Every structure is written in C-alpha cells, then in structure tokens.
Amino acid sequence: MKKVNLVLFALLFSFLVNGQSIFERYANSDDVSLVSISPKMFKMLGQMSINFDDPEAQEYLDMVSSINNFKVLISGNNEVSDEMLKWVKKEVSSKDLEELMTVKDIEGDVSFYVKDGSSEDHVEKLLMFVTQHSEGSMNNLEINGRDIESVLLLLEGDIDLNKISKLTDQMDLPGGKQLKKAQQKKSL
C-alpha cells in the first residue's frame with residue numbers, strides 16, 4: 001500500500017510541477033529576476049482619470065490599459081535558460097502560437113511568437129525569447145547588475161504591435177529593436 005501511495009504522490013507532484021508556468025516555478029528563485037504585473041494593476045491604470053496634456057502620455061496609458069498580463073523572466077543561469085527554452089517550445093506548440101520573427105546573429109537569438117488578435121496589427125498573446133551567445137559581443141550584457149543569458153517576455157491582452165515596442169524601449173529590455181522589426185513584418 002505504501003508503494004501505491006508513493007507512486008500516486010510522485011505522479012501528482014510531477015503533474016503539479018509540469019502544470020506550473022515557468023514564471024510560477026522561478027518566482028522565488030535567486031537565479032532569476034522576475035517582473036510580473038497583474039491584470040488588476042493594468043485595470044487600475046486604465047481606470048485612472050488623469051487629464052494628460054501630452055497626447056503621447058495618453059497613448060501610453062491607452063496601450064498599457066489594453067494589456068491583461070505582463071511577465072518578464074531574466075536569468076544568467078544556463079540551466080534556467082534551458083528550462084525557459086523548453087517552456088517556450090511547449091507553449092508555442094500547445095497554444096498554437098505563430099512564429100512572427102526570429103533574428104539569429106553572433107550576439108544572440110531573438111524569437112517572437114504571437115497569437116492573432118482582433119485585427120491584423122493586434123495580437124492577444126506575444127511571447128519573446130532572447131538567448132545570448134557566449135561567444136558574441138553581448139558577454140557583458142547586464143540588467144540591474146545581473147549578467148543575463150536569457151530573457152523571456154509574455155504579454156497578453158489586446159496588444160497593438162504598433163505601440164508595444166515603445167513599452168519595451170522604456171523598460172530597456174533586450175529585443176526591443178527586433179520587436180519594432182517584427183511589428184513592421186506583421187504589418188506587411
């Protein structure tokens with residue numbers, strides 16, 4: 001009976017671990033930096049009644065209020081980076097995400113995957129995965145003093161690709177320039 005209980009526990013545990021998103025799995029890990037903004041926060045931002053004289057600020061607020069989920073995972077640990085890549089591959093195949101664009105060069109690889117949204121230039125999910133190559137010139141790429149190997153970005157909502165690159169630029173995330181190119185490619 002103990003063996004049956006042990007096997008059932010092992011199966012249940014493996015199901016729970018596999019059911020977690022990569023963001024939940026590494027939320028409390030010292031090997032990663034995590035930025036997670038909840039849908040409630042985006043809703044609060046969208047309900048702010050601020051009178052902006054600056055049209056760009058109002059445009060930014062409109063863009064942010066259309067996002068339901070924003071998560072970024074950054075790691076310099078090779079094992080965590082490998083887990084991130086496995087999660088991306090699984091997410092792409094299980095959620096029917098379309099590859100929007102991949103850029104591979106000596107510095108690293110940047111891949112964008114999307115799930116189509118309400119119109120041609122809107123998506124409901126955007127997944128970006130950046131991997132640095134150790135032989136490239138990005139060897140000393142740091143964010144907040146932490147060396148990075150990989151960056152994983154997940155956005156969900158009614159995402160306007162024409163505007164979202166502004167957000168990545170303001171957060172100074174790797175892949176922002178490639179995101180502008182991906183948006184242009186999707187618009188063609």
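Taking the criterion of being β-branched (Val, Ile, Thr), at pLDDT 90 or above and surrounded by fewer than 18 Cβ atoms within 10 Å (Cβ to Cβ), would at least one residue in region 84-97 satisfy it?
Going through region 84-97, the residues β-branched (Val, Ile, Thr) turn out to be 88, 92.
Add one more test, that the residue is at pLDDT 90 or above, and what stays is 88, 92.
With surrounded by fewer than 18 Cβ atoms within 10 Å (Cβ to Cβ) added as a condition, the list becomes 92.
Taking every residue of region 84-97 in turn, at least one turns out to be β-branched (Val, Ile, Thr), at pLDDT 90 or above and surrounded by fewer than 18 Cβ atoms within 10 Å (Cβ to Cβ).
Just to be sure, is VAL4 at pLDDT below 70 and out of contact with any Pro (no Cβ under 8 Å at 6 or more places or on another chain)? Can you show your working first?
Details: at pLDDT below 70: yes; out of contact with any Pro (no Cβ under 8 Å at 6 or more places or on another chain): yes.
Judged against the criteria, VAL4 is a match.
LEU73: buried (at least 19 other Cβ atoms within 10 Å of the Cβ) and under 16 Å from LEU161 (Cβ atoms), yes or no?
On the way: buried (at least 19 other Cβ atoms within 10 Å of the Cβ): yes; under 16 Å from LEU161 (Cβ atoms): no.
Answer is no for this residue.
Please count how many residues of region 95-119 are over 17 Å from LEU155 (Cα atoms) and either touching a residue at least 24 places away in the same chain (Cβ under 8 Å) or part of a helix (DSSP H, G or I) (or both). Lay out the reasoning, then the answer.
Taking region 95-119 and keeping what is over 17 Å from LEU155 (Cα atoms), we get 102-109.
So of that shortlist, the ones also either touching a residue at least 24 places away in the same chain (Cβ under 8 Å) or part of a helix (DSSP H, G or I) (or both) come out as 103, 105-109.
So the count comes out to 6.
The values are calculated or read from the model by the stated rules, or taken from the named source; none is laboratory data. Keep in mind it's a predicted model, so treat the numbers as computed, not measured. Note: ideal-geometry Cβ built from the backbone for every residue, glycine included; neighbour counts use all protein chains shown.
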